[in-house]
């Protein structure tokens, strides 16, 4: 199916229909004032009156507040049937006023778009209003308030290039055409059709431009789950913690071997067994996606956070952690700072990508920028050394205020085999180098790099270790004053 035709056989939701679907029954309160069209020429007035008759709304946008599963939410909703959802000055002013009111009232904001862009009948004066909308959204986000965006079919032009692309979480409906350039305009200007599928929601999700493809019927759950993490207070930790005195001694080389075992707990296990209300975010939102990292809004044993973790199950000789993964990590760092949530990083990597492509895409610079960003963060930051901690890729997620380590986790500038090659010219001295370089969690705790160690038992399953790590994370976040995080 092409991007231009995919949704035509499906229901196209109008703004008011969508509000009925998403909001609790009877909770909608409109913020809109009547719009005076008398200042426009008679021909444009006729168009506006016809649009009102067709759409059932007085403009291409309606705004107000309602409840989503009992939680107050401000809403800005496009109506495509009103002149293709185009944004004139009156619609833009309505959006800006609603965003500012949501900020003043401390409300999370949900925007749902369906638009061909700014209104050609009003030209440049309407076009530049996108700046004011963007400025208002920037102030809303600077206040630490969530901004969620749903892109409906179609969303193009100035709407997509302003308030449609600024969400903390951005999803699109299945098959939606989403793009900066309208395909009809492209074909008229270039004499050939725009390539099919490029601007389709599913492709944008795969490329890391948006977070997910979500049907309208799933939107209430998405909003509710997002706001449970972003707004609800922390809860008392519930998982049992382990006695840190119950540490059994293993050599550094033995610990390295343990972290490389196939069944060892990873970031996916940590989320599966120690977290809830998890909402995965995918990509940099700038057109890159790397499956070797996971970014999520979640609660670790009741403690809300933004989590970014290196996924060991997605890293091998053919799929190393590249620059895009580090840019995704920085997206997570910026989200945590904007939303006033703790940042939890999970380190488990055999090393960053070493290739021509990685060099040309600034892998070293991305490592440096991750380190610099973490060192400046004002929210609580917690690094979890869960398994392998090899090289600059591990260091990029390390500089948190507190560092937790699983007992057999390790950290080194190179894998022990690589260090052996540099010092001895072969890999035969890897065991010696692991000991000599003090890579073990126990050694890292002794020199102050690690602040707490989670004991590991001989019979540990991925589930039991993940639960133990989650419990320690929750306890550390509480001790760091999560309850006092800014709002």
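Numbers at a glance
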{"quantity": "Cα pair distances exceeding 28 angstrom across region 6-229, given as percent", "calculated": "25 percent"}
{"quantity": "Along principal axes, Cα extents of the chain, largest first, whole Å", "calculated": "86, 52, 37"}
{"quantity": "Calculated [θ] (222 nm, deg cm²/dmol) that DSSP helices of n ≥ 4 give over the chain, each run adding -39,500 (n - 2.57)", "calculated": "-11000 deg cm²/dmol"}
{"quantity": "Packing-based order for 308-321, 182-195, 64-77, using average beta carbon neighbours within 10 Å, highest first", "calculated": "64-77, 308-321, 182-195"}
{"quantity": "Efficiency of FRET from Cβ geometry, residue 249 and residue 32, R₀ 45 Å, rounded to 0.05", "calculated": "0.05"}
{"quantity": "At 0.890 mPa s and 25 °C, Stokes diffusion of region 376-487 via Kirkwood alpha-carbon radius, µm² per second", "calculated": "161 µm²/s"}
{"quantity": "Spin-label pair residue 42/residue 424, simplified geometry with 7 Å Cα→Cβ offset, distance in nm", "calculated": "9.5 nm"}
{"quantity": "Segment residue 20-residue 104, extension gain: residue separation times 0.36 nm, minus the distance between their alpha carbons", "calculated": "27.7 nm"}
{"quantity": "Label-point separation, residue 11 to residue 221 (7 Å along Cα→Cβ), nm", "calculated": "1.6 nm"}
{"quantity": "Proxy reagent accessibility, fewest Cβ within 10 Å first, across 210, 133", "calculated": "133, 210"}
{"quantity": "Length released on extending from residue 459 to residue 231, taking residue separation times 0.36 nm less the Cα-Cα span", "calculated": "78.3 nm"}
{"quantity": "Extension gain from residue 190 to residue 71, taking 0.36 nm per residue of separation minus the Cα-Cα distance", "calculated": "38.0 nm"}
{"quantity": "Estimated FRET transfer efficiency (residue 368, residue 54; beta-carbon r; R0 51 Å; 0.05)", "calculated": "0.40"}
{"quantity": "Ascending count of other beta-carbon atoms within 10 Å, so fewest first, for 148, 397", "calculated": "148, 397"}
{"quantity": "Residue exposure sequence - 479, 165 - by fewest surrounding Cβ within 10 Å", "calculated": "479, 165"}
{"quantity": "Region 313-437 - Rg over Rh from alpha carbon coordinates, Kirkwood radius", "calculated": "1.00"}
{"quantity": "FRET efficiency estimate (nearest 0.05) - Cβ-Cβ, residue 334 to residue 354, R0 30 angstrom", "calculated": "0.65"}
{"quantity": "Highest-first arrangement of 49-62, 424-437, 112-125, where packing means the average Cβ count within 10 Å", "calculated": "112-125, 49-62, 424-437"}
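No value in this document is a laboratory result; all are computed from the given coordinates. Keep in mind it's a predicted model, so treat the numbers as computed, not measured. Using ideal geometry, Cβ is built from the backbone for each residue, glycine included, and neighbour counts are taken over all protein chains shown.
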